[in-house]
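Okay, so here's the structure we're looking at.
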Amino acid sequence: MSRTTDRRGGRGHAPRVVVVDDSPFMRGLIADLLDDAGVAVVGEAGDGAEALEVVAETRPDVVTMDVEMPGMGGLEAVERIMAETPTPILMLSAHTDDGAAVTFEALERGAVDFFAKPGGEVSAGVSREADRLVAAVRSVADADL
């Protein structure tokens, strides 16, 4: 079931983001990091099908999209979102890094950029990369489609 939230708390012109990841823990971690940096997380989804619904409902400025998810994966979701509700998408996965075939496929299907989740202790790694993640989200939100 998709979950729509508005964590903006009255902040100014913060980008509005939907976080898509099959891990509830990762969704929460990413949402909290973005929220702490003043980025408005307006929705979350656990797979591509939920992402389509939440993006259509919330019309965010950017979507962070995991690649590997049950049901509709990230690559198919990127293609569908770009066809149905064009929105800048930042691929966010352990599988998206420089040179990876999936990175190029995601970009070909319409993703704007990618952010590689750090290896090892996931929560510590993502937290260490919070500033870079926030900068990537802000950059992608400004992309022209």
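The values are calculated or read from the model by the stated rules, or taken from the named source; none is laboratory data. Treat the numbers as computed from the prediction; the structure is a model and nothing was measured. No Cβ is skipped: glycine too gets one built from the backbone with ideal geometry, and neighbour counts run over all protein chains shown. Protein only, heavy atoms only, side chains kept; ligands, DNA and RNA dropped before computing areas. Shrake-Rupley method; radii C 1.70, N 1.55, O 1.52, S 1.80 Å.
So here's what we get for this one:
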| item | result |
| --- | --- |
| Considering residues of segment 61-90 that are open to solvent by less than 10 Å² (accessible area, probe 1.4 Å) and hydroxyl-bearing (Ser, Thr, Tyr) only, the residue farthest from residue 109 (Cα to Cα) | 64 |
| Condition met for residue 58 (open to solvent by 10 Å² or more (accessible area, probe 1.4 Å), of a type in the set (Val, Ile, Thr) and modelled with pLDDT under 95) | no |
| Options 67, 63: the member that is at pLDDT 95 or above, of a type in the set (A, V, I, L, M, F, W, C), closer than 18 Å to residue 47 by Cβ and under 13 Å from the mean Cα position of the chain (by Cα) | 63 |
| Given (1) at pLDDT below 90; (2) farther than 17 Å from residue 135 by Cβ; (3) of a type in the set (A, V, I, L, M, F, W, C), index of the condition residue 51 fails | (1) |
| Residues of segment 27-51 satisfying the condition of being more than 14 Å from residue 16 (Cα to Cα) and in contact (Cβ under 8 Å) with a residue 24 or more places away in the chain | 29, 45, 46, 47, 48, 49, 50, 51 |
| Positions within segment 27-45 being more than 11 Å from the chain's Cα centre (by Cα) and open to solvent by 10 Å² or more (accessible area, probe 1.4 Å), in sequence order | 28, 29, 32, 33, 35, 36, 37, 38 |
